[in-house]
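**Student:** Shown below is the structure under consideration.
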Amino acid sequence: MQFLFSSIGKKIQVAISGIFFCIFLVFHLLNNLALFAGPDTFNSMVGFLESIKPIIRVLEFGLLGVLLMHIINAIGLSISNYTANPKQYYKNSQSETSSLNSRTMLLSGSIILIFFIIHLWAFWYTYQAHNFVHPTETFYDVILRNKIGFLGHRLTAIFYIVSISLIGFHIKHGFQSALKTLGVTQTSKAGLLYKVSFLFWGIIPGMFIIIVLSIQFGIIK
C-alpha cells in the first residue's frame with residue numbers, strides 16, 4: 001500500500017488507468033462505426049446492449065472507478081511536482097527539456113473531463129430520458145436528429161472535432177509516458193509499442209472525427 005501511493009505507484013496507476021481508457025475507446029469506436037451500416041443495424045446493436053444492461057452498468061461503474069483513479073493520481077502528482085519545486089514550476093524552466101503536451105497534461109486533461117461530462121449529458125443521459133419519455137425515438141435519432149445531435153448542427157460537430165483532437169494529443173503523450181513508467185524504451189525490443197500507440201492517439205481519434213464529418217456531409221443520414 002505504501003508503494004501504491006508513492007510517486008512511482010501513482011504514476012503506475014495513471015499509466016494503467018490510461019491504457020484501460022485507450023482499450024475502451026477501441027470498443028466505443030467499433031460501436032459507433034455501426035452508424036455506417038444504417039439505423040436498423042445500429043439500433044439492433046444498441047438493443048443488444050440494452051438486453052445485457054446489468055452487465056453494462058457494472059462495466060460503467062468500473063470505468064468510473066478507473067476514471068477517478070486516473071484523475072486523483074494525476075492531480076496528486078501535479079501537486080507533488082509543484083510543491084517540490086514551485087519556483088522552477090512558476091518559471092516554467094522545464095520547457096527546455098519537455099514537450100508542450102507534457103507541460104499541459106493537467107490542463108488538457110481538465111478540458112477533456114469537461115468534454116466527457118458534456119458528452120454523457122448530451123447523449124447517454126438524453127437517450128435514457130428520451131427512451132423513457134419517447135420510447136419510439138431510437139438512439140440513432142438521438143445522435144443524428146435530436147436538438148443536440150450531429151445532423152445539421154455545425155457547432156456540435158466543431159466542438160467534438162476540437163475535443164477529439166485534444167484527446168488525441170493527450171493520449172499521445174500519456175501513452176508514451178505510460179510506456180516509460182512501465183520500463184519500455186524506444187530502443188528496447190518492446191519499442192515497437194511506441195509505433196503501435198499511433199493506433200490509439202492517431203487512428204482512433206481520426207476515425208471518430210471521420211464519423212462526425214460523415215454525418216455533417218450526409219454520408220450517414
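**Student:** Scan the range 175-207 for residues that are under 24 Å from Asn31 (Cα atoms) and either among the hydroxyl-bearing types (Ser, Thr, Tyr) or touching a Gly at 6+ places or on another chain (Cβ under 9 Å) (or both) and jot them down.
**Tutor:** Of everything in the range 175-207, those that are under 24 Å from Asn31 (Cα atoms) and either among the hydroxyl-bearing types (Ser, Thr, Tyr) or touching a Gly at 6+ places or on another chain (Cβ under 9 Å) (or both) turn out to be Phe175, Ser197, Phe200, Trp201, Gly202, Ile204, Pro205, Gly206.
**Student:** What pairs can you find where one residue is in the range 35-63 and within 15 Å of Ile143 (Cα to Cα) and free of Cβ contacts under 8 Å to residues at least 12 places away in the same chain, the other is in a helix (DSSP H, G or I) and among the small types (Gly, Ala, Ser), and their Cβ atoms are less than 6 Å apart, with a gap of 6+ or different chains?
**Tutor:** Thr41/Ala34
**Student:** Only one of (1) modelled with pLDDT of 85 or more; (2) under 26 Å from Ile167 (Cβ atoms) fails for Gln94. Which number is that?
**Tutor:** Failed condition: (1).
**Student:** Taking interchain pairs and intrachain pairs at least six residues apart, which have beta carbon atoms under 7 angstrom, with the first residue in the range 67-94 and under 28 Å from Leu25 (Cβ atoms) and assigned to a helix (DSSP H, G or I) and the second of a type in the set (Asp, Glu) and modelled with pLDDT under 55?
**Tutor:** Going by the 7 Å Cβ cut-off, there are no qualifying pairs.
**Student:** Go through (1) at pLDDT 80 or above; (2) surrounded by 18 or more Cβ atoms within 10 Å (Cβ to Cβ); (3) hydrophobic (A, V, I, L, M, F, W, C); (4) within 27 Å of Ser17 (Cα to Cα) one by one and return the number of the condition Leu193 breaks.
**Tutor:** Among (1) at pLDDT 80 or above; (2) surrounded by 18 or more Cβ atoms within 10 Å (Cβ to Cβ); (3) hydrophobic (A, V, I, L, M, F, W, C); (4) within 27 Å of Ser17 (Cα to Cα), Leu193 violates only (2).
**Student:** Still on this structure, please answer the following. Condition first: outside any helix (DSSP H, G or I) and in contact (Cβ under 8 Å) with a residue 60 or more places away in the chain. Now tell me which residues in the range 171-214 satisfy that.
**Tutor:** Residue satisfying the conditions is Leu182 alone.
The values are calculated or read from the model by the stated rules, or taken from the named source; none is laboratory data. Everything numeric in this text was worked out from a predicted model, so none of it was measured. Positions of Cβ are generated from backbone atoms using ideal geometry, with glycine treated the same way; all protein chains shown enter the neighbour counts.
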